[in-house]
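Q: Take this structure, written in structure tokens, and hold onto it; I'll ask about it next.
Any read-out appearing in this document is the output of simple, stated calculations on the displayed coordinates, not a laboratory observation. Fair warning: this is a prediction, and the values are worked out from it, not measured in the lab. Every residue, glycine among them, receives a Cβ derived from its backbone with ideal geometry; neighbour counts consider all protein chains shown.
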Amino acid sequence: MEMQIENKTSTISHENGIVYPSDKIMLDLKDLKKVYPTPKGDYVVLEHLNLQILKEEFVTIIGHSGCGKTTMLSMIAGLNSISGGNIAVLGSAIKGPGPDRGVIFQSPSLMPWMTALQNVLLGVNRVFPHASKSQQKDIAKYYLHKVGLDGAFNKKASELSQGMQQRVGIARAFAIKPKVLLLDEPFGMLDSLTRGELQDILIEIWNKEKITAVMITHDVDEAIFLADRVVMMTSGPRAKIGDVLNIDFERPRTRKAVLEHSDYYKYRKHLIDFLEH
């Protein structure tokens, strides 16, 4: 994505020395710290973590297991307390969970006895309480249609395959119109064919909605295909941002165009070299 960086007096410094105008920043993590007390003393998961994510940007985050990626994402979601530092959305510090942040987990956590439509309506009804019942249903149906579940509105979640359940999870997250979409390895438990299909669905809806997105992944190819920037985290404890890679592929992208791009293997090597250190 092309970022028009204007000369503004109000700026925020990025850890890597880049300066962004503050009115371009959607999500700002400043000197973030997470500590878990243990019988043997404090275990510091994250420390001195600084990251700014821009409006309409898609950022993927990679790093070894245990580096605190999920901890960081759950702190942004407001589901995990902050030990130090600050997280702000559009300049306002977060105070717990809120509809400005939608979350898609590895397991979609649907109500199994409810239909696909009812599961999406749970969020829609809470976020748009003043809309009419038919308007609420239209919103839910629109996003279920976008993820390819036209014929499954009235199927119970327990009757759906894992891939279809994750489609409901994607529809539910987009339907509440969040400012920031947080994705914690949403395709990690799926087979490679389903994974590819859902990556395409996710990026197609994102291209239209242009919601700021932050996604954790273990998959280097997924990280490159989806992102404007790939953020690499150092290994824990005391994990922080180790490196940031700009992905300069045009949008909208096709998998074929990305794989055939002359920079693709250069990007891939950069990420793998970082992970192998």
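Q: Taking the number of other C-beta atoms within 10 Å as the exposure measure, put His261, His130 in order starting with the fewest. Don't skip to the end; give the middle numbers.
A: Numbers: His261 17, His130 6.
Going from sparsest to densest Cβ surroundings: His130, His261.
Q: Next question, about the same structure. Please tell me which of these pairs span more than 26 angstrom C-alpha to C-alpha: Lys24/Lys146; Lys95/Lys137; Lys24/Lys69; Lys141/Lys208; Lys33/Lys177?
A: Values: Lys24/Lys146 28 Å; Lys95/Lys137 29 Å; Lys24/Lys69 24 Å; Lys141/Lys208 17 Å; Lys33/Lys177 29 Å.
Over 26 Å Cα-Cα: Lys24/Lys146; Lys95/Lys137; Lys33/Lys177.
Q: Let me ask something additional. Sort Leu110, Leu183 so the one with the fewest other Cβ atoms within 10 Å of its own Cβ comes first. Present the calculation step by step, with values, prior to reporting the outcome.
A: Values: Leu110 22, Leu183 25.
Sorted ascending by nearby Cβ count, the order is Leu110, Leu183.
Q: When Ser262, Ser107, Ser83 are ordered from fewest to most other Cβ atoms inside 10 Å of their Cβ, what list results? Write down the numbers at each step before the final one.
A: Working: Ser262 6, Ser107 14, Ser83 17.
Exposure proxy ranking, most exposed first: Ser262, Ser107, Ser83.
Q: Can you tell me the convex hull volume per residue for segment 112-232, based on C-alpha atoms, in Å³ to the nearest whole number? Before the final figure, lay out each step's value.
A: Numbers: hull volume 12.6 nm³, N = 121.
Looking at segment 112-232, the number lands at 104 Å³ per residue.
Q: Something else about it: Hey, what angle do you get for helix 264-276 against the long axis of the chain, alpha-carbon based, 0 to 90 degrees rounded to 10?
A: 70
Q: Can you tell me, using C-alpha contacts under 8 Å and at least 6 residues apart, the relative contact order of segment 167-277 as a whole percent? Each step should come with its number before you reach the end.
A: Working: 88 pairs, mean separation 23.1, N = 111.
It rounds to 21 percent for segment 167-277.
Q: Extent of the chain along each principal axis, from alpha carbon coordinates, in Å, largest to smallest?
A: Cα extents, longest axis first: 50, 47, 44 Å.
Q: Okay, moving on. Quick one: work out Rg over Rh on the C-alpha atoms of segment 9-157, Rh as Kirkwood radius.
A: Details: Rg = 18.9 Å, Rh = 18.1 Å.
That ratio is 1.05, to two decimals.
Q: If you don't mind, another one. How high is the relative contact order of the chain, given as a whole-number percent (alpha carbon pairs under 8 Å, six or more residues apart)? Intermediate results must be reported in sequence, preceding the final value.
A: On the way: 510 pairs, mean separation 67.1, N = 277.
The value is 24 percent.
Q: Jot down the per residue volume, in cubic angstrom and as a whole number, of the convex hull over the alpha-carbon atoms of segment 89-160.
A: Working: hull volume 8.9 nm³, N = 72.
Convex hull volume per residue, Cα atoms: 124 Å³.
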